[in-house]
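The values are calculated or read from the model by the stated rules, or taken from the named source; none is laboratory data. These numbers come from a predicted model, not from an experiment. Using ideal geometry, Cβ is built from the backbone for each residue, glycine included, and neighbour counts are taken over all protein chains shown. Accessible surface areas use protein heavy atoms only, side chains included; no ligands, DNA or RNA. Shrake-Rupley method; radii C 1.70, N 1.55, O 1.52, S 1.80 Å.
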Amino acid sequence: MKRIIISGGGTGGHIFPAISIANAVKERWADSEILFVGAEDRMEMERVPAAGYKIVGLPVAGFDRKNLLKNFSVLMKLFRSMQKARKIIDDFKPAIAVGVGGYASGPTLRAAAAKGVPTLLQEQNSYAGVTNKMLARKAATICVAYEGMEQFFPKEKIVLTGNPCRQDLVVSEENRAEGYAHFQLDPAKRTILMVGGSLGARTLNQSIIHAFPELAKADDLQVIWQCGKYYYKEIQQLQSEGKIPPNIHLFDFVSRMDWAYSVADLIISRAGAGSISEFSLLGKAVILVPSPNVAEDHQTKNARALVDKDAAIMVTDTEAPAILFDKAIALVRNDGELKKLSENIIKLAQHDSATRIVDEIEKIILSGD
């Protein structure tokens, strides 16, 4: 029986790939035992058990770059996390530890390496995260989603696998029909899907509110708007006051992304690596608005990797409220441009990423047997 630790998290961008890897491990070895190690009080503590896996939380927290005085408590949490991680490794005795990024993976993979357990890293972004850069020296293999990652990691350790995506995402005629019915859409109209993550994105929400007058006049268009749970109550107030045009369909969270993707002619989104991988696999035309509130501004670098290949349009967070929907309305009506973006982004897709990562896990485990 193979025991495998998967560590990391903090955002959906880390959690979905981690769960996809775990599912692929179970497909390969049905009797394998998988333990997730995440950060206490982060979304993985809820999402991982919901996917059917056991998780242990560390009291780890990220460094506060704006208020350095707050980092004393962060260092204390890191010390306690290292102690707990060492005990987890001793008790569970994994054959390998897999890190998917996020600060929870730091103590876990350091403890694993110190005890002679081989480690594998999965880097989702085109600009490597701090934790993975620190862990790279002792890692056996580093699975990446973008070319050119030699600037961050030893070339001989890099394997291009792409980012594992949710396995249930399929664009099909059946899903399109289900989507039109579920979201109460008109199949004769062009559809824009705007998603800002599960919690929402303030700039995207401000941008569509600014564009209400233009969208109200656009009889040929309709919008699925995932505003995020954090903003839903305040935006629902606008709806109750009759300020949201009837061709805009408001949701706090879209659980059936397969239906949403199937009906979308154009997507507006932040530039998280996991989302970009999904758009690439499905060949969706997209306008990316990178979040400025992420480490090393990696979402801008993710977006530029696509823009440089004519595979996406980018609008900066600062520009978005003024120009995002002007661009979106013009683009969704332009068949030639939509087709070009779709054809170019699908060329960047990496298929069967989770299975390819498990291939690398298997190689490492076999080399140690």
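Counting heavy atoms of the protein chains alone, Lys26 has an accessible area of about 70 Å² for a 1.4 Å probe. For region 72-226, averaging the sequence separation of C-alpha pairs within contact (under 8 Å, six or more residues apart) and dividing by the residue count gives a relative contact order of 14 percent. Only the Cβ atoms of Lys and Arg (+1) and of Asp and Glu (-1) were treated as charged; on that basis the dipole of the chain about its Cα centre amounts to roughly 1420 debye. Of all aspartates and glutamates in the structure, the ones whose alpha carbon falls short of 14 Å from that of Lys84, not counting any fewer than 8 places away in one chain, are Glu40.
For region 231-307, the carbon plus sulfur part of the accessible surface works out to 48%, probe radius 1.4 Å.
Against the chain, whose longest principal axis comes from its Cα atoms, helix 173-182 is set at around 70 degrees. Relative contact order of the chain: 16 percent, from C-alpha pairs under 8 Å at least 6 residues apart in sequence.
Overall shape: prolate for the chain, with the ratio a/c of the largest to smallest alpha carbon gyration tensor axis at 1.5 or above and a/b above b/c. In region 237-290, Cα pairs under 8 Å separated by at least six residues give a relative contact order of 32 percent. Between the alpha-carbon centres of region 255-307 and region 204-224 there is a gap of 20 Å. Does region 258-369 classify as rounded, prolate or oblate by the C-alpha gyration tensor (a ≥ b ≥ c root eigenvalues; a/c under 1.5 gives rounded; else a/b over b/c gives prolate, otherwise oblate)? It is prolate, given that a/c is not under 1.5 and a/b is the larger ratio.
With every protein chain left in place, what is the accessible area per residue of the chain in square angstrom, probe 1.4 Å?
46 Å²
Available extension along the chain between Ala51 and Met1 is 15.9 nm, counting 0.36 nm per residue and deducting the alpha carbon span.
If I fit a long axis through the Cα atoms of helix 320-332 and take the longest principal axis of the Cα atoms of the chain, what angle between them do I get, 0 to 90°, rounded to 10? The two axes meet at around 70 degrees. Helix 71-92 sits at what angle to the longest principal axis of the chain, using alpha carbons and giving 0 to 90 degrees rounded to 10? Rounded to the nearest ten degrees, it is 60.
Cross-linked pairs Lys2/Lys363; Lys133/Lys155; Lys217/Lys340: Cα-Cα separations exceed 20 Å for Lys217/Lys340. Computed in the context of the full set of protein chains, the accessible area of region 157-212 at 1.4 Å probe radius has 51% of its extent on carbon or sulfur. Comparing Ile268, Ile208, Gly368 along the charge dipole axis of the chain, the residue lying farthest to the positive side is Gly368, per the Cβ-charge model. Sorting the segments 174-180, 354-360, 249-255 by their residues' average number of neighbouring beta-carbon atoms within 10 angstrom, most packed first, yields 354-360, 174-180, 249-255. Dividing the summed -39500 (n - 2.57) terms of all DSSP H runs of n ≥ 4 by the residue count of the chain sets its mean residue ellipticity at 222 nm at -13500 deg cm²/dmol.
Shape class of region 1-156 from the alpha-carbon gyration tensor: rounded, with the ratio a/c of largest to smallest axis under 1.5.
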